[in-house]
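Engineer: The structure follows.
Bear in mind these aren't lab numbers, they're just calculated from the coordinates by the rules spelled out. Quantities reported herein were computed from a predicted structural model and do not represent experimental measurements. In this analysis, Cβ positions are derived from the backbone assuming ideal geometry, glycine residues included, and neighbour counts consider all displayed protein chains.
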Amino acid sequence: VVSLLTDYGLDDGFVGALHSVLRRRLPKVPIVDLTHGVAAQDVRAGSLALRRVAPYLAPGVVVAVVDPGVGSARRAVAVATADVVFVGPDNGLLVPAVEALGGATQAVELADRGYWLEAPGPTFAGRDIFAPAAAELAAGRGLADLGSAIAPASLARLPAPVARRRQDGSLETEVTWVDRYGNIHLAAGPGDLSPSPVPGDAVSVSRSRVAVEVAEVAEGVAEVAEGVAEPRTWPARVARTFSDLAPGQLGLVVDSYGCLDLCLFGTSAAEQLGIREQDLVVLSPT
Amino acid sequence: VVSLLTDYGLDDGFVGALHSVLRRRLPKVPIVDLTHGVAAQDVRAGSLALRRVAPYLAPGVVVAVVDPGVGSARRAVAVATADVVFVGPDNGLLVPAVEALGGATQAVELADRGYWLEAPGPTFAGRDIFAPAAAELAAGRGLADLGSAIAPASLARLPAPVARRRQDGSLETEVTWVDRYGNIHLAAGPGDLSPSPVPGDAVSVSRSRVAVEVAEVAEGVAEVAEGVAEPRTWPARVARTFSDLAPGQLGLVVDSYGCLDLCLFGTSAAEQLGIREQDLVVLSPT
Amino acid sequence: VVSLLTDYGLDDGFVGALHSVLRRRLPKVPIVDLTHGVAAQDVRAGSLALRRVAPYLAPGVVVAVVDPGVGSARRAVAVATADVVFVGPDNGLLVPAVEALGGATQAVELADRGYWLEAPGPTFAGRDIFAPAAAELAAGRGLADLGSAIAPASLARLPAPVARRRQDGSLETEVTWVDRYGNIHLAAGPGDLSPSPVPGDAVSVSRSRVAVEVAEVAEGVAEVAEGVAEPRTWPARVARTFSDLAPGQLGLVVDSYGCLDLCLFGTSAAEQLGIREQDLVVLSPT
């Protein structure tokens, strides 16, 4: 199985080109589109999305591409774990998933141009380097055959999302993901709260950092300005699932990945609260 | 073949997780993505979309998930018809398609947790219950093996969309679907108009109910306020296809599902007329 | 392999119906979704997207549908090249890709209704004519079996995008595509500039035509009003790839299809410059 995760979107035909390149070589290879809706050039969001799906990946090859530095000196790599080989840029995108699967057993830089597709320009590495490399691997070629060995420890990594206990016993944690339903997923899990939350518990929620959009991005990682958060506090209730909440009641549930999740039933918590990815929130048991 | 219909969208990786779970078990199972673009938590819209595609479904298993009550006491079910087994929540989503395919021959509640995936929280039943159940079925396991038999008549159902002849001979009918092109699809078919429409006929169109967005939804079915419709009437012409219409001329065609469809050539009728899903319109031959 | 390119979008279930029809006939046929995000009814944009992916297509059948004239007298056709048979409407959509693959070896009008699906209305030819025809071809049926032979030269074609040298040595060329990242792809390639551009060269960019949205479209080709372009000039720098650009510096690169591409690093050039598809720009070496 070859699984794909990119920020290509589905409108431009980039994803169709990846599939076509794979199927020209291996017409019947099963392909899984993990998602192509990572925010454009948002390496951090892509790395978190890949990390979330990691435990469910079908054994085989995963091509992951969020790659603002395409065509530059950033390395193109393949990183093997026990069951899955990840192929993509060396910019931090792959490492959280690799570690979730037990760490790298082997890594190479995709330096052998023999299997690359020739192209008039260097800006579509997914089509010209990563998909051909994945096709080689899926066809049975060994990892060591695709380039020169590199130390897994040399792979680029991004800072981990914030999840820290504060002196007053509250928990400050980062919004890692706002999903389609407006659920606000946090970096912290229930074990980071003390005492551990039980359905019915009351929790007070405030915001300690507002993520400000920054026009300039460096290597795909948007800088987050430490904006001043409006001094606003919301009361929330720990619940097992969305429909346990009364209309308009802010809930705190454990999501399907083991993280804390602020939610409303039937409407978008993110929109109602004006909270976005990379904001920091503070949770205080009350 | 396993076919999928959800309101997950394609940006969050939910769909990729479904595919991954299916392919871990059955790497080569053919998968059809019917759509994942049902409006978030809109069970009614999902049930209509599933109903439309029902006659074309490939034999096998269909996983359908629009599930505001996920994790609650609403049942998870599998419902067999002659050629297709539907898997999803028991909230009205499945029944119109089941009936379109001749009705249920068997139904079970997915109560046997043996094949469920363990998860930290109960909010992703698609990944943890429905996809594993579909994989079991596609692998050849019998329906009765997945849980306890239930009476098909006990399945939840939603009210049917409005299509009624009025005393003055006009037809009042509900907007069931506005498609990407802005075509306004109605619950009524050509046989509901009297006399039956023939290309060239003139029809007058007005609106008798404005669907008002309601913030609170109960069980995923948005309440529709009986708003006061602006007293506006549009002249329309019965046509065979879009390009038979003059620029700016509102047309009434029979769509590819056998329903009436208000349309403009090359532009969005819904936008031009300000008409939305769940509005009611009145058609009067003139 | 059956590859699909349409303007159906992914929200309505149109694409799911295509897949279902194909898989009912051939459950295991590999399917590639090239893209379904062509702008609604934009035959020109669809033809360019199909042209771009043409060299990478997996051998087999390609179904391409952007079809404002569906159900009208426009012909439904299948056009064979050396490795790929294209199926779709005869409205200009297919020809650029056909020619990129060496031209048509054979063409038929899909006139034999024997394999068409019966439908209540004629507005979904993708489901009812094109997908069934593709399934027949993928199942091994000969092209000549699907209808009556037509002369490839009789196929409808659209005007080519503008790329012309002006008397003052500058290059006037059309914006053929704005991609997800806001890169502005031009019809001209580097060979159309004189002298041929080398990284570091300075180029001055201005706009000579503003594409004005026109409500009425004829046969899917939006008319472009010759709007008055604001007299604005931008300095640009030739570069090899995006990350070679300084923040805010407009770049001119050769894209992965061999065309010129105006870009900014990490942000949308199209948005910053207010440039859209079908605008004309003038490039002058300085």
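Engineer: Have a look at the range A:77-185 and give its Rg and Dmax from the Cα atoms, expressed in angstrom.
Structural biologist: Reported Rg and Dmax, both Å: 17.9, 59.
Engineer: Using DSSP, restrict attention to beta bridges with both residues in chain B and report what percent are antiparallel, rounded to the nearest 5.
Structural biologist: Here the share of antiparallel DSSP bridges comes out near 70 percent.
Engineer: Please report, in whole Å, how far the alpha carbons of chain A spread along each principal axis, starting with the longest.
Structural biologist: Result, largest extent first: 62, 36, 36 Å.
Engineer: Provide a whole-number value for the mean count of partner chain Cβ atoms within 10 Å of the Cβ atoms in peptide C:178-185. Don't jump to the answer; show the numbers that get you there.
Structural biologist: Numbers: counts 1, 7, 10, 9, 1, 2, 0, 1.
Other-chain Cβ atoms within 10 Å of each residue's Cβ, averaged: 4.
Engineer: Another question, then. With +1 on the Cβ of every Lys and Arg and -1 on the Cβ of every Asp and Glu, and nothing else charged, how large is the dipole of the range A:1-107 about its Cα centre, in debye rounded to the nearest 20? Provide the component values of the computation, followed by the final result.
Structural biologist: Details: 9 positive and 9 negative charges, 62 e Å.
Charge dipole of the range A:1-107: 300 debye, to the nearest 20.
Engineer: Now for a different question. Could you work out how far helix B:14-25 tilts from the main Cα principal axis of chain B, as a 0 to 90 degree angle to the nearest 10?
Structural biologist: Its long axis makes an angle of about 40 degrees.
Engineer: Using mean Cβ contacts within 10 Å as the protection proxy, how do A:276-286, C:152-162 order, highest first?
Structural biologist: A:276-286, C:152-162
Engineer: While we're on this one: Show me the ranking of peptides A:137-144, C:163-170, A:125-132, C:240-247 by mean Cβ neighbours inside 10 Å, starting with the highest.
Structural biologist: Those peptides, ordered most packed to least, come out A:125-132, C:240-247, A:137-144, C:163-170.
Engineer: Return the sequence-ordered ³J(HN,Hα) values of the range C:273-283 in whole Hz as given by the Karplus equation 6.51 cos²θ - 1.76 cosθ + 1.60 applied to θ = phi - 60°, using x for Gly and Pro.
Structural biologist: Each residue of the range C:273-283 in turn: 8, x, 10, 10, 4, 6, 4, 10, 10, 10, 10 Hz.
Engineer: Still on this structure: Label B:Ser208 and A:Arg276 with points 7 Å out from Cα along Cα→Cβ: what is the distance between them in nm?
Structural biologist: Using points 7 Å along Cα→Cβ, the separation is 4.6 nm.
Engineer: Roughly what would the spin-label model give for B:Trp234 and C:Ala144, points 7 Å off Cα along C-beta, in nm?
Structural biologist: 4.9
Engineer: While we're on this one: For the range B:64-126, what is the charge dipole size about the Cα centre, in debye to the nearest 20, if Lys and Arg each add +1 at the Cβ and Asp and Glu each add -1 at the Cβ?
Structural biologist: It comes to approximately 120 debye.
Engineer: Under the convention of a label 7 Å out along Cα→Cβ, give the distances in nm from A:Ala144 to the same position in every other copy, shortest first.
Structural biologist: Output for A:Ala144: 5.5, 5.5 nm, nearest copy listed first.
Engineer: Here is a further query. Looking only at other chains, what is the average number of their beta-carbon atoms within 10 angstrom of each beta-carbon in B:235-248?
Structural biologist: Per residue, the number of nearby Cβ atoms from other chains is 3 on average.
Engineer: Moving to a separate point now. Using θ = phi - 60° and the Karplus form 6.51 cos²θ - 1.76 cosθ + 1.60, what ³J(HN,Hα) does each residue of the range C:182-189 get, whole Hz, x for Gly and Pro?
Structural biologist: For the range C:182-189, the Karplus curve yields x, 5, 9, 8, 10, 5, 7, x Hz.
Engineer: Give me the percent of DSSP beta bridges within the range A:57-148 that run antiparallel, rounded to the nearest 5.
Structural biologist: Antiparallel bridges: around 70 percent, rounded to the nearest 5.
Engineer: How far, in whole Å, is the nearest Cβ of chain C from the axis relating it by rotation to chain A, and which residue carries it?
Structural biologist: That would be C:Leu10, 4.
Engineer: Something else: Counting alpha carbon pairs within less than 8 Å and at least 6 residues apart, what relative contact order, in whole percent, applies to chain B?
Structural biologist: 16
Engineer: Another question, if that's okay. Would you work out the charge dipole size for the range B:101-209 about its Cα centre, treating the Cβ of every Lys and Arg as +1 and the Cβ of every Asp and Glu as -1, and quote it to the nearest 20 debye? Please list the in-between numbers first.
Structural biologist: On the way: 10 positive and 12 negative charges, 65 e Å.
Once rounded to the nearest 20, the dipole reads 320 debye.
Engineer: Taking the simple approach of a point 7 Å from Cα along Cα-to-Cβ for both B:Val198 and B:Glu99, what is their distance in nm?
Structural biologist: Result: 3.3 nm between the two label points.
Engineer: Given the options B:Ala246, A:Pro27, C:Val21, identify the residue whose Cα lies farthest towards the positive end of the charge dipole of the protein assembly as shown (+1 on Cβ of Lys, Arg; -1 on Cβ of Asp, Glu).
Structural biologist: A:Pro27
Engineer: Something else about it: Report, in deg cm²/dmol and to the nearest 500, the calculated mean residue ellipticity at 222 nm for chain C, where each DSSP H run with n ≥ 4 adds -39500 (n - 2.57) and the sum is divided by the residue count.
Structural biologist: Numbers: 5 runs with 42 residues, N = 286.
Theoretical 222 nm ellipticity from helices: -4000 deg cm²/dmol.
Engineer: Another one. Looking only at other chains, what is the average number of their beta-carbon atoms within 10 angstrom of each beta-carbon in B:44-53?
Structural biologist: 2
Engineer: Say the dipole of chain B comes from +1 at the beta carbon of Lys and Arg and -1 at that of Asp and Glu; which of B:Gly182, B:Ser148, B:Ala49 then lies farthest toward its positive end?
Structural biologist: The residue sitting farthest along the positive end of the dipole is B:Ser148.
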